[in-house]
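A.B. asks: Submitted below is the structure of interest, expressed as structure tokens.
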Amino acid sequence: MRIYDLIRLALGALFERRTRAVLTILGIVVGPLIIVAITASVQGVSDSALGLIEKDISPQDIIVVPTGKYISSYVVETLSQIPGVKVVVPFYTVAATMLTPQGPKPVTILSANLKELGVALPGLGLQNGLYPAEGSLNEVDVGYYIATPQYLGQPTYHTGQEITSCILLPDGNKKTMTFFVTGELNNYGITIGTIDINRGLLASDSLGRSIYGSEYSGAIVVASSLGYVQDIVDQIHTYLGSYVQVFTTQDEITFIQQQVSAFNLLLAIVGSASFIVAFISVLTTMITAVVERTREIGLLMSLGFTRTQVMLAFLTEATIMGIIGGGTGTILGYLGSFALTSLAFSTGGGKNAAFQIQPSISVLQLIGIFFVIVLITTVAGIVPAYRASKIEPAKALRYEV
């Protein structure tokens with residue numbers, strides 16, 4: 001018997017019992033739909049986050065923050081002497097309150113050498129305007145959200161305007177300062193220490209020095225190459241011990257990859273459960289079909305069908321349901337991943353979000369999921385098909401349902 005004849009016979013049998021076939025196919029659809037949708041969404045989030053890190057911060061960066069309140073100029077000097085260090089960018093974080101028409105708004109001012117900061121944070125840039133002048137105490141750039149209604153509501157602060165702020169001094173007193181906005185920063189999604197630059201102000205290192213002197217809030221150490229990063233981290237731990245905490249770009253990347261691996265493990269569990277459901281659905285449907293079609297099987301054998309051909313006919317039915325269910329589930333899962341990522345994107349801030357999420361799944365992954373579900377449904381049809389092939393024609397023709 002030709003393959004074409006087997007397929008036509010199988011399709012005819014499925015069409016005759018289309019309600020049961022449709023319900024079985026729907027049970028098969030669920031597995032690949034869930035797996036593809038969640039896999040593409042999780043990988044999309046991972047790729048977007050990793051892309052954001054690689055775009056906004058140098059992979060050679062090592063962020064050093066004190067376990068106490070400050071790090072001293074001695075620590076900065078020690079860091080700069082470690083072999084493989086390209087530059088050390090100490091920074092200050094100045095706690096302040098902006099006095100807005102809507103009331104006081106807390107804000108953090110990042111104060112650092114802006115030329116060196118550009119080396120450490122290549123993704124940090126301006127939408128418009130200029131950076132604060134070196135040595136200036138009253139010029140700032142505003143973070144992306146401060147320049148948009150999303151953070152403050154109207155009015156927002158733009159280049160050329162003034163911001164009156166109340167600065168918290170180390171002795172607990174407060175000082176009111178008026179800053180001139182020289183520029184607006186781009187959307188920058190990386191947090192430096194505890195600073196969200198999108199919601200902060202950027203000033204030259206002169207401002208921080210005028211308040212804190214040589215007591216820094218932290219430092220960004222830039223390695224000469226990726227190969228030096230781990231050695232530098234080890235040296236920092238050796239020289240400074242528990243006095244500081246150390247974070248690297250690779251730590252962030254490793255953390256994201258670990259989270260994705262955990263999700264993939266969860267997906268494997270969910271996928272196993274959904275594939276078991278598909279297996280049982282096909283097995284139940286095919287066993288029922290064999291019982292209901294006993295007389296038909298006897299008639300086919302009487303007309304010259306061999307046991308192998310009968311078995312192949314039933315296996316073809318199971319395979320066709322797997323192809324339809326697996327294909328439909330894979331396509332719907334891929335389309336559904338766009339809905340999931342769109343929901344996450346809108347929930348996370350819409351067009352002003354730090355990064356946009358796009359589903360990510362390879363063609364090989366899609367093909368692999370499709371073939372796994374087809375294989376499972378085909379295997380589920382083996383036992384019923386074998387039982388059908390073992391029916392005796394004479395008994396089958398006398399069988400009453």
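A.B. asks: If you go through the stretch 133-159 one residue at a time, how many are at pLDDT 85 or above and either among the charged types (D, E, K, R) or open to solvent by less than 40 Å² (accessible area, probe 1.4 Å) (or both)? Even if it seems obvious, please write down each step before you answer.
C.D. replies: Here is the first cut: in the stretch 133-159, the residues at pLDDT 85 or above are 133-147, 157-159.
Add one more test, that the residue is either among the charged types (D, E, K, R) or open to solvent by less than 40 Å² (accessible area, probe 1.4 Å) (or both), and what stays is 134, 136, 139-147, 157.
Going through the stretch 133-159 one residue at a time, the tally reaches 12.
A.B. asks: Between a first residue in the stretch 212-233 that is more than 17 Å from residue 254 (Cα to Cα) and a second residue that is loosely packed, with under 14 Cβ neighbours inside 10 Å, which pairs have beta carbons less than 7 Å apart while being 6 or more apart in sequence or on different chains?
C.D. replies: The qualifying pairs are 212/170; 214/73.
A.B. asks: Quick one: which residue in 280, 297 is over 22 Å from residue 23 (Cα atoms) and either aliphatic (A, V, I, L, M) or touching a Gly at 6+ places or on another chain (Cβ under 6 Å) (or both)? First the steps, then the outcome.
C.D. replies: Working: 280 fails: over 22 Å from residue 23 (Cα atoms).
Among 280, 297, only 297 is over 22 Å from residue 23 (Cα atoms) and either aliphatic (A, V, I, L, M) or touching a Gly at 6+ places or on another chain (Cβ under 6 Å) (or both).
A.B. asks: Determine if the stretch 259-279 includes at least one residue that is under 30 Å from residue 119 (Cα atoms) and open to solvent by 40 Å² or more (accessible area, probe 1.4 Å).
C.D. replies: yes
A.B. asks: Separate question: Given 162, 184, which one is among the charged types (D, E, K, R), farther than 30 Å from residue 68 by Cβ and open to solvent by less than 60 Å² (accessible area, probe 1.4 Å)?
C.D. replies: 184
A.B. asks: Also, quick follow-up: Listed residues 110, 130, 117; which is modelled with pLDDT under 90 and among the aliphatic types (A, V, I, L, M)?
C.D. replies: Details: 110 fails: modelled with pLDDT under 90; 130 fails: modelled with pLDDT under 90.
Only one candidate qualifies: 117.
A.B. asks: Can you name the residue in the stretch 153-191 that is among the β-branched types (Val, Ile, Thr) and assigned to a loop (DSSP other than H, G, I, E, B) and, of all such residues, is farthest from residue 122 (Cα to Cα)? Please lay out each step first, then the result.
C.D. replies: Of all residues in the stretch 153-191, those among the β-branched types (Val, Ile, Thr) come to 156, 159, 163-164, 167, 176, 178, 181-182, 190-191.
Imposing the further condition that a residue be assigned to a loop (DSSP other than H, G, I, E, B) reduces the set to 156, 159, 190.
Numbers: 156: 26, 159: 22, 190: 11 Å.
Among those that are among the β-branched types (Val, Ile, Thr) and assigned to a loop (DSSP other than H, G, I, E, B), it is 156.
Conditions (1) over 14 Å from residue 282 (Cβ atoms); (2) out of contact with any His (no Cβ under 7 Å at 6 or more places or on another chain); (3) modelled with pLDDT of 85 or more; (4) open to solvent by less than 40 Å² (accessible area, probe 1.4 Å), marked per residue:
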| residue | (1), (2), (3), (4) |
| --- | --- |
| 350 | yes, yes, no, yes |
| 363 | yes, yes, yes, no |
| 383 | no, yes, no, no |
| 389 | yes, yes, no, yes |
| 398 | yes, yes, no, no |
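A.B. asks: In the stretch 192-250, what count of residues is obtained for those that are more than 25 Å from the chain's Cα centre (by Cα), among the acidic types (Asp, Glu), farther than 16 Å from residue 77 by Cα and outside any helix (DSSP H, G or I)?
C.D. replies: 0
A.B. asks: Report whether or not residue 319 is modelled with pLDDT of 70 or more, buried (at least 19 other Cβ atoms within 10 Å of the Cβ) and part of a helix (DSSP H, G or I). Before you say what the answer is, go through the steps one by one.
C.D. replies: Details: modelled with pLDDT of 70 or more: yes; buried (at least 19 other Cβ atoms within 10 Å of the Cβ): yes; part of a helix (DSSP H, G or I): yes.
Spelling it out, residue 319 is indeed modelled with pLDDT of 70 or more, buried (at least 19 other Cβ atoms within 10 Å of the Cβ) and part of a helix (DSSP H, G or I).
A.B. asks: Something else about it: Before we move on, is residue 29 closer than 23 Å to residue 269 by Cβ and in contact with a Ser or Thr (Cβ under 8 Å, 6 or more places away or on another chain)? Give the steps one after another, and end with the answer.
C.D. replies: Numbers: closer than 23 Å to residue 269 by Cβ: yes; in contact with a Ser or Thr (Cβ under 8 Å, 6 or more places away or on another chain): yes.
Judged against the criteria, residue 29 is a match.
A.B. asks: Kindly indicate whether any position in the stretch 297-311 is open to solvent by less than 30 Å² (accessible area, probe 1.4 Å), in contact with a Ser or Thr (Cβ under 9 Å, 6 or more places away or on another chain) and at pLDDT 80 or above.
C.D. replies: no
The values are calculated or read from the model by the stated rules, or taken from the named source; none is laboratory data. Quick caveat: nothing in here was measured; it's all calculated off a predicted structure. Heads up, the Cβs are rebuilt from the backbone with ideal geometry, glycines too, and the neighbour counts pull from every protein chain shown. Quick note on the areas: whole protein, heavy atoms, side chains included, nothing else; ligands and nucleic acids left out. Shrake-Rupley method; radii C 1.70, N 1.55, O 1.52, S 1.80 Å.
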